[in-house]
Amino acid sequence: MGADDRGTRPHPLRELLLVAALFLAYKLGRLVAVGDLSSAYANATHVWGLERAVRLPDEATLQGILLSHDHLVRAANRFYASVHFPATAALLLFTYLFRPALYRWARTLLAALTAVGFAIQALVPMAPPRLLSATGVLDTGKLVGPRAYGDPATDTLSNQYAAMPSLHVGWAAVVAIVLVAAGRSRWRWLWLLHPVLTLAVVVVTGNHYWLDAVAALALLGTILLLAPGPRTAPAARAATVPGTRTAIALATRARAAMTPAIRWGRAAAPGTAAVSGRATAPGRAAASGTATPPGTAFAPAPMPRTAPVVPPASTVVDPAPSLAAVTRTGSPGGHPAIPGGPGWRTASRPLEPEPAVTEGA
């Protein structure tokens, strides 16, 4: 769980009441949005004619492909009746528990989409294709089952004349978008198949037109542009960019590999001067051999100033002294010393006379 996921979580009782009010408003809004049935059928006829004018696929043709497979039709009916609300509720619960910042964003999107959708359904009532005989689309719930709605003439629990826009598709799109934003794996993009499957289901079951889904997605796109997005930390936003996490990991490994090279010198033995200048832990012996009290930073011992060694005139400094000739004085074991540092000395050797050159040789 990243830093952006541990934001302040809203009060659970208040959020429970808000979500319950949202679902209740959805059910009541569909009842209140019942308009003139003659207008609902007229609007449906116009939408059907517009789809044919723009050459959209015929809903009846798609439905006819599956009508010979009763198990697929029955599965589509179950999906339409039972996935809509549970999937949305599961999204809100998941984001509330694990992604509080995304929870507020999802709640805002759902509330805004539902409110505007109710307003459109009240102003533009529309009969679904299964109730418009001119479409040739059948009511698969009545034909195969299970049924999501009762007889329109006696059904008082739902408004069946609210096809435009399709909130089934709109809510499914919100679920997919939020889950994609919540994920980190490349497989998170598969959540976009959820609104695609929902679109196929609402068309095959005869509950919506293609343009109902287009209107819902256009409405959601407008809300996404106007509503503020989720508030996440800069590091979490960078982690979602492809390749950023890999670059950060490589930089961390490179820094760890360079650390030993940055430290010049070895850890000093008790009684000798430290070279690296690293702070010692409380109670541990410092380079001088004394223990540092807790909470006190270790200060490296100052380098002793020694007079430079001037070789006599009869000697010359060996330009490439061997490891045995270069030692740290006072350091047990003869560890290699740092050139120019304390205890640096250079082996010398006497000058050898140059051979005489005889003319005419």
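The values are calculated or read from the model by the stated rules, or taken from the named source; none is laboratory data. No experiment lies behind these values; they were computed from the predicted model shown. Every residue, glycine among them, receives a Cβ derived from its backbone with ideal geometry; neighbour counts consider all protein chains shown.
Would you mind stating whether ALA127 is closer than 19 Å to LEU220 by Cβ, touching a residue at least 60 places away in the same chain (Cβ under 8 Å) and surrounded by 20 or more Cβ atoms within 10 Å (Cβ to Cβ)? The answer is no for ALA127. Residues of region 144-172 that are of a type in the set (A, V, I, L, M, F, W, C) and more than 15 Å from TYR80 (Cα to Cα): ALA153, LEU157, ALA162, MET164. Might you let me know whether region 138-155 holds any residue that is modelled with pLDDT of 90 or more, of a type in the set (Ser, Thr, Tyr) and over 21 Å from ALA227 (Cβ atoms)? Checked region 138-155: at least one residue is modelled with pLDDT of 90 or more, of a type in the set (Ser, Thr, Tyr) and over 21 Å from ALA227 (Cβ atoms).
For region 142-153, indicate whether the set of residues that are closer than 18 Å to SER38 by Cα and touching a His at 6+ places or on another chain (Cβ under 7 Å) is non-empty. Before the answer, list the steps.
Taking region 142-153 and keeping what is closer than 18 Å to SER38 by Cα, we get 151-153.
Pick out the ones that are also touching a His at 6+ places or on another chain (Cβ under 7 Å) and you get none.
No: region 142-153 contains no residue that is closer than 18 Å to SER38 by Cα and touching a His at 6+ places or on another chain (Cβ under 7 Å).
Of the set (1) touching a residue at least 24 places away in the same chain (Cβ under 8 Å); (2) part of a helix (DSSP H, G or I), all apply to ARG147 but (2).
Scanning region 160-217 for residues that are small (Gly, Ala, Ser), within 27 Å of SER39 (Cβ to Cβ) and assigned to a loop (DSSP other than H, G, I, E, B) yields a count of 3.
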